[in-house]
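Accompanying notes for the structure given below.
What follows is calculated from the coordinates using simple rules that are stated; it is not laboratory data. Quick caveat, the model's predicted, so the values are computed rather than measured. Quick reminder, even Gly has a Cβ in these numbers, built from the backbone with ideal geometry, and neighbours come from all protein chains shown.
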Amino acid sequence: MSKRSRRTAAAASAPSAGAARCTVTVCRGCCCGTPKIPGFDHAAQLRGLRRALDGTAAVRVTDCLDACEHANVVVVQPSSAGRAAGGRPVWLGLVNDADAAVDITAWVEQGGPGLATPPGILDLYGFTPSRRVRGQVES
């Protein structure tokens, strides 16, 4: 990953100061959202998230988040209230089925990180990115 693409990924997925609502960042870089994950409608997943979370959360697309082994990657960042309550960005990987997007949507609608307990099934998708990647995105 080049310095330019790291800056782009960090800027696209970093929460804005005082974000009143959650931000859902969907990776669509070198592996996520590509034919490398066959048989999955990536465009429909993104449309579904945007439609379901319209008015509830910001849904952003970013270039490579440098966690390709977990493609498709989605990062759910807390709202300002969620962050104040101790919520931190939650990295979800292998989000390659429609049910995962439904579970993410339900959790975000309830408040997301720091404010609501995620559905237990999302534990299967959670991962911790490398310290280097985490530092670039979550600072």
Put in order of increasing Cβ neighbours within 10 Å, starting from the fewest, L65, L124 give L124, L65
Between D41 and A85, the FRET efficiency computed from the C-beta separation at R0 = 35 Å comes out, to the nearest 0.05, as 0.50
Proxy exposure order for C22, C27, C64 (fewest C-beta within 10 Å first) is C64, C27, C22
